[in-house]
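Some notes on the structure that comes next.
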Amino acid sequence: MSDLRIRCATPSDIDPVLRFWRDAAEGTSISDDQDGVARLVARDPQALLLAERDGLLVGTAIAGFDGWRCHLYRLAVHPDHRRQGIGSALLAAAEERFVGLGGRRGDAMVLNRNEQAHHTWHAAGYAPQPQWSRWVKHLTA
């Protein structure tokens, strides 16, 4: 895995990241647009982690910390590069960031229907908490 480079996104990465998510992520989010990702990168420049191999974007993870909890979103690996340790490397980088910030527990947003992702998260030591549900209200149209 020595040819894998993990780095934080910059504003110039926003369009490539959005294209990558269309190809590699499961579904899209209300925040998956130029403004949403730009706000993320501006507010927390270390939150959006990119995995690159030979200059090609092969994976992403958002490692958000609000001062209270550590949240993981958008763990995505390009289909042609899966099962090569990229997701694990991104999670390790995210967890290292969280520990450095004083975080105590990470949680992840994982689609119920994405069974392949369930295996990845379980292998990394994460487990669903059946006593919790996600409640959502869209604030914009």
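The values are calculated or read from the model by the stated rules, or taken from the named source; none is laboratory data. The structure presented is a predicted model; accordingly, all values stated were derived computationally and were not measured. Using ideal geometry, Cβ is built from the backbone for each residue, glycine included, and neighbour counts are taken over all protein chains shown. The protein model used for the area step is the full one, side chains on, heavy atoms only, and it has no ligands, DNA or RNA in it. Shrake-Rupley method; radii C 1.70, N 1.55, O 1.52, S 1.80 Å.
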Considering region 1-56, residues that are under 26 Å from H138 (Cβ atoms) and among the basic types (K, R), and then whichever is most open to solvent (accessible area, probe 1.4 Å), we arrive at R43
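Considering only residues of region 68-111 that are in a loop (DSSP other than H, G, I, E, B), over 18 Å from C8 (Cβ atoms) and among the small types (G, A, S), which is modelled with the lowest pLDDT?
Within region 68-111, the match that is modelled with the lowest pLDDT is G85.
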Enumeration of residues in region 17-46 that are out of contact with any helix residue (DSSP H, G or I) (no Cβ under 7 Å at 6 or more places or on another chain) and either of a type in the set (F, W, Y) or more than 15 Å from I62 (Cβ to Cβ) (or both) | R19, F20, W21, R22, D23, D35
In contact (Cβ under 8 Å) with a residue 40 or more places away in the chain and at positive phi - does that describe any residue in region 31-50?
-> no
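Residues that are of a type in the set (V, I, T), surrounded by 12 or more Cβ atoms within 10 Å (Cβ to Cβ) and over 22 Å from L56 (Cα atoms): does region 83-95 have at least one?
Going through region 83-95, the residues of a type in the set (V, I, T) turn out to be 86.
Going one step further and asking which of them are surrounded by 12 or more Cβ atoms within 10 Å (Cβ to Cβ), we end up with 86.
Checking which are over 22 Å from L56 (Cα atoms) leaves us with none.
So far as region 83-95 goes, no, none of its residues is of a type in the set (V, I, T), surrounded by 12 or more Cβ atoms within 10 Å (Cβ to Cβ) and over 22 Å from L56 (Cα atoms).
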Given the conditions (1) open to solvent by 70 Å² or more (accessible area, probe 1.4 Å); (2) under 16 Å from the mean Cα position of the chain (by Cα); (3) aliphatic (A, V, I, L, M); (4) more than 21 Å from R22 (Cα to Cα), which single one is not true for M109?
-> (4)
